Amino acid sequence: MHPLTGLLATNFGSPSGVTTQDHYVRELWRLSGYFSVPIGLIVLGLITFAIVRYRHRPGEDRKPSQFQYHIPLEATYTIIPLVIVAVIFGVMYNAENHVTKVSAKPSVAITVDGFQWGWRFVYHNGHVQIGTGDYNDINNNNDLPVLVMPSNETVQLHVVSLDVVHTFYVKEFLFNRDLIPGINNTFDVNVTKPGLYPGQCNNICGEYHAYMRFLVDVMTPTQYAAWYANQPACSVTTAGVPGTQKGSCSAINAGADFTGYTQAPKG
Amino acid sequence: MKVESRTVLGAFSFLVILAVVYWVLVALHGSSTERSGIAMLVFSFSAYALLGTYLLAQYLRRHGIPRAEDRFDATQEDGAGVIDYFPATSIWPVAMGLGMVFGACALVWGLWYLAIGVVLFFGAVFGWVTESDYTEDVLPGSDPDELGSSHGDYASTGAHQDH
Amino acid sequence: MTILEERPQLPFEAHEPSLMEIVPGPRPRGIVKFVTSTDHKQIGLNYLFTALTGFLLAGLMALVMRTQLIVPNNHFVTENVYNEMFTIHGTIMLFVFAGPFAFAGFGNYMIPLMIGAPDMAFPRFNNLSYWLYLGGFSLLLAGFLTNNGAAQFGWFGYAPLTEAIHSPGPGADLWIVGIGLTGLSGIFTAVNIITTVFTLRAPGMVMFRMPIFVWNILVTMFLILLAFPVLTAAMALLWIDRHLGGGFYDASKGGQPILWQNLFWFFGHPEVYIIAVPYFGVATEIISTMSRKPVFGYKGMIAATLSIGALSMGVWAHHMYTTGAVLLPFFAAMSLLIAVPTGIKFFNWIGTMWRGTIVLNTAMLFCLGFLAIFLFGGITGVILAQPVLDFQVHNTYFVVAHFHYVLIGAVMAGFGGLYYWLPKMTGRKLSEKWGKLGFALLFIGFNLTFFPQHDLGLRGMPRRIETYNAGMGWNFLNELSSIGAYITALGVLVNVWNIFTSWRNGEIAGDNPWDGQTLEWACSSPPPDHNFEALPPIRSERPVWDANHPDMLTKVGH
């Protein structure tokens with residue numbers, strides 16, 4: 001690939017995402033880069049030129065020119081940045097409408113409950129995937145709760161906090177959304193690449209905030225359908241505990257699946 | 001006071017516009033939790049309205065006669081005379097500060113700290129006010145022991161002083 | 001002959017009668033002076049020392065954090081201690097160091113000098129401000145001595161984590177009152193400085209002849225008056241929640257946790273401009289003096305600063321883009337707009353240097369460091385202003401990198417201010433040799449610490465995590481960043497060493513070692529009581545330059 005094309009095709013360092021939103025994010029990174037790299041280079045270049053060309057050399061007796069203003073120049077460097085930010089805003093507004101759009105008819109709807117310090121994913125039939133990380137060993141990935149979802153379909157996530165502010169963050173989704181008590185937050189993701197993606201809480205929530213991790217298992221629609229068919233209604237899959245326990249829907253609604261965790265949700 | 005009042009009233013005007021725009025947009029598209037932002041903007045421009053009106057009144061009071069510091073061609077003689085009372089040292093600020101710190105401790109550890117804090121604070125208020133007790137017709141250069149405090153300092157520009 | 005080496009002969013000194021009549025009184029020394037003096041110069045020095053102490057303490061906490069993060073799954077400190085570290089590091093750096101160092105340290109010392117006033121309008125009130133500040137700082141630190149430790153919820157303390165049930169113990173309350181006291185101190189300083197600037201200027205010192213530094217501090221004070229009362233209110237509500245059974249931030253009692261975020265950030269965003277704007281002023285003074293030119297676009301600078309101050313009141317929710325509860329387009333537009341006046345200032349600084357005679361001493365080097373670093377931080381700010389991009393990097397190390405670039409960029413200008421103004425305050429210059437070494441170490445160390453953090457954020461590393469999984473691809477960058485932190489610490493130590501040794505042994509500075517242009521260079525170093533024995537005629541924004549260089553008079557305003 002031609003180097004220039006290659007450079008322009010990058011996101012100026014940002015990783016690619018795996019959702020349908022990736023296209024909008026990438027567009028904005030590029031736009032930001034196209035403006036900020038030249039501007040940064042020009043400003044740095046002017047500063048460097050000034051200190052090299054106009055520095056005081058020992059023994060020099062030059063009287064520096066005492067000009068104080070230049071209205072046309074000042075007007076220019078006021079108006080051009082205004083135009084630039086207007087352009088960025090326009091493109092951004094369009095992207096934002098797409099990224100925050102919530103569908104009325106998603107394929108899959110999952111409730112994501114965050115608590116100190118783990119995650120609980122509740123599916124439409126009441127099936128629960130719940131778990132916390134290993135508070136003693138952050139390298140242990142075996143006991144993390146898994147959020148299972150299909151690829152290439154609109155998955156609607158309704159994020160709820162059971163105690164303090166948390167944030168749902170999956171790096172490859174290029175997306176963060178807060179879990180705030182009292183705020184109903186719903187967003188859509190449509191993942192184009194099946195795979196296993198790590199996720200993490202992204203808002204300080206207490207002592208074991210660093211350990212509040214999860215995994216997202218994106219399966220093809222067929223695989224997902226098969227998996228979902230195998231989850232009895234109101235069953236509970238606990239991370240680190242083999243098998244799925246049969247639960248009762250009322251018990252789950254009352255939070256009974258929290259017993260056994262070091263930190264039950266506080267109201 | 002022309003520039004001063006215009007600066008503050010300019011900020012006031014901007015904040016009013018900001019509050020109105022935000023109010024309208026929140027009413028149309030925003031969430032109810034953003035009403036706190038409207039409230040804060042309203043208090044902000046009200047604060048500047050207060051300050052700006054005071055400064056404007058000070059400007060208008062002078063009926064266009066500029067103060068020495070507002071005249072482009074003023075000289076040091078124009079500002080001659082007693083400026084103000086500038087005490088060199090004072091124990092009362094640290095006493096009052098201690099009182100307020102104890103008051104803060106009361107918020108953390110228990111009301112009994114407030115007892116100490118209140119005594120210190122109001123004692124300091126009394127001391128502070130009486131320290132700057134001086135009469136209008138005292139001239140700088142007179143015997144400092146006759147002033148309100150033995151270490152009071154007056155600063156003036158004294159181009160006309162003869163003694 | 002180089003003008004800078006010679007002590008300029010001010011034409012208005014010596015034979016003219018002294019313009020100040022001072023009633024002599026007993027002059028205190030030592031600890032009594034420190035405690036009771038109402039002289040703005042002493043109080044300014046008090047603030048500078050205390051702020052620098054805070055800087056060193058918070059810097060130590062940063063080193064603890066970087067040591068904990070140098071390898072994955074590290075156990076250098078426990079989770080709670082780490083959370084205390086980043087909370088108190090942020091709180092001290094912002095409330096105790098960065099803001100007060102500039103507006104209360106340099107501001108208190110320099111503003112009366114720059115406008116030709118004998119002192120601040122309310123000298124005892126000024127002293128009170130300092131004690132409230134020191135008291136607040138001490139209470140913040142006292143949290144470490146309590147059983148549950150100091151506050152552990154981050155410097156912005158989101159409810160409901162700060163409620164009594166999730167953060168028991170007095171550490172959180174000490175955080176609340178510590179910030180409350182330093183906030184009160186700031187408000188009192190603002191009242192004092194605004195009154196001084198509006199009523200105590202010397203004859204001929206009209207508003208548009210004041211140095212840019214004074215204008216910047218004035219705008220900062222306006223922001224303080226609007227922002228800090230909101231913070232105090234937010235803290236009061238939190239205290240009521242914690243101690244009186246209130247439910248302002250408790251969803252189970254009908255309150256709204258997000259109310260805290262709205263209140264806090266309405267304060268929090270102006271706060272970062274309260275921090276940055278004074279340093280812009282310091283940089284302007286140094287750049288214009290060291291280039292031996294007037295400020296380019298003086299009125300444009302003032303307009304830009306006023307715009308930045310005004311706009312900063314309308315951008316607070318860009319810290320809340322991911323809450324899903326704020327008007328994204330409004331805040332995006334305002335946040336993008338604020339880049340424009342900042343850009344204007346940059347071009348004006350370049351215009352000030354253009355065709356000047358630039359002396360590249362340590363003060364100027366620090367300002368150049370400020371320009372380079374703040375430029376980069378400003379650009380990442382434009383990226384973060386866009387909600388869609390913020391959705392990706394919110395609360396990751398990308399944000400940490402951004403704000404350290406803008407904050408430490410500003411602090412670089414502050415260090416330049418030390419090299420520029422300490423000779424006026426102490427009568428002795430700092431060592432250029434040690435200064436340049438300190439600058440180099442700081443610049444290299446800082447970039448090594450924080451540049452990799454941009455990539456760390458893009459790779460998904462969240463902030464405020466005490467450790468991380470070894471397989472995330474974050475290991476090498478964390479190592480680099482931690483090594484950079486140690487180099488930065490070395491740079492700080494070199495500068496502190498320089499300050500200590502030069503205080504008594506530095507080269508004598510004289511009245512005007514840099515051929516400065518503004519009024520503070522018209523008096524002796526250090527200045528006498530009530531500042532001025534004589535004042536030059538004030539016919540432009542550069543009265544001392546006009547007096548010293550009648551062949552290069554300032555045209556505008558003359």
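Exposure proxy for A:His209, A:His56: other Cβ atoms within 10 Å of each Cβ, ordered fewest to most, give A:His56, A:His209. One quarter of the convex hull surface built on the alpha carbon atoms of the stretch A:139-215 amounts to 5.3 nm², the projected area averaged over directions.
Take every pair of alpha-carbon atoms less than 8 Å apart whose residues are at least six positions apart; their mean separation over the length of chain C yields a relative contact order of 18 percent. In straight-distance terms, cross-link reach from A:Lys105 covers every one of the lysines whose alpha-carbon lies under 27 Å from its own, apart from those fewer than eight places away in the same chain; here that gives A:Lys171, A:Lys193.
The residue among C:His269, C:Ala233, B:Phe86 whose Cα reaches farthest toward the positive pole of the charge dipole of the protein assembly as shown, with charges on the beta-carbon of Lys, Arg, Asp and Glu, is C:His269.
Computed on the Cα trace of the stretch C:88-246, the radius of gyration divided by the Kirkwood hydrodynamic radius gives Rg/Rh = 1.07.
For chain A, the Kirkwood hydrodynamic radius comes to 22.1 Å, computed from all pairs of different C-alpha atoms. Across the cross-link table entries C:Lys41/C:Lys436; A:Lys246/C:Lys253; B:Lys2/C:Lys33; C:Lys41/C:Lys433; C:Lys33/C:Lys436, which are compared at the Cα atoms, the separations over 31 Å belong to A:Lys246/C:Lys253; B:Lys2/C:Lys33; C:Lys33/C:Lys436. Partner shielding of A:14-23 amounts to 2, given as the average count of beta-carbon atoms from other chains within 10 Å of each residue beta-carbon. Per-residue ellipticity at 222 nm for the protein assembly as shown, helices alone: DSSP H runs ≥ 4 residues times -39500 (n - 2.57), over residue total, nearest 500 deg cm²/dmol? Mean residue ellipticity at 222 nm (helix-derived): -18000 deg cm²/dmol. Applying a 4.7 Å Cβ-Cβ cutoff to the protein assembly as shown leaves A:Cys201, A:Cys205, B:Cys105, C:Cys367, C:Cys523 as cysteine residues with no disulfide-compatible partner. Over the stretch B:2-70, the reciprocal of the mean inverse Cα-Cα separation, the Kirkwood hydrodynamic radius, stands at 13.5 Å. Distance from the alpha carbon centroid of the stretch C:158-176 to that of the stretch C:277-343 works out to 33 angstrom.
Once both labels are positioned 7 Å from their Cα atoms along Cα-to-Cβ, the gap between C:Ile31 and B:Val21 label points is 5.6 nm. Residues considered: A:Phe115, A:Phe89, A:Phe168. Largest GNM mean-square fluctuation over chain A, using C-alpha springs under 10 Å, is found at A:Phe89. Note that chain C, at 25 °C in a medium of 0.890 mPa s, gets a Stokes-Einstein diffusion coefficient of 101 µm²/s from its Kirkwood radius over C-alpha pairs. Helix C:123-142 and the long axis of chain C differ in direction by around 30°, with both axes built from C-alpha atoms. As a ratio to 2.2 N^0.38 Å, the alpha-carbon radius of gyration for the protein assembly as shown is 0.98. Let me know the shape class of the stretch A:3-99, please: from the alpha-carbon gyration tensor, a ≥ b ≥ c as square roots of the eigenvalues, rounded when a/c is under 1.5, otherwise prolate if a/b is greater than b/c, or oblate. Verdict is oblate for the stretch A:3-99.
Read-outs: derived from the displayed coordinates by stated rules, not from any lab. Keep in mind the model is a prediction, meaning the values are calculated, not measured. Every residue, glycine among them, receives a Cβ derived from its backbone with ideal geometry; neighbour counts consider all protein chains shown.
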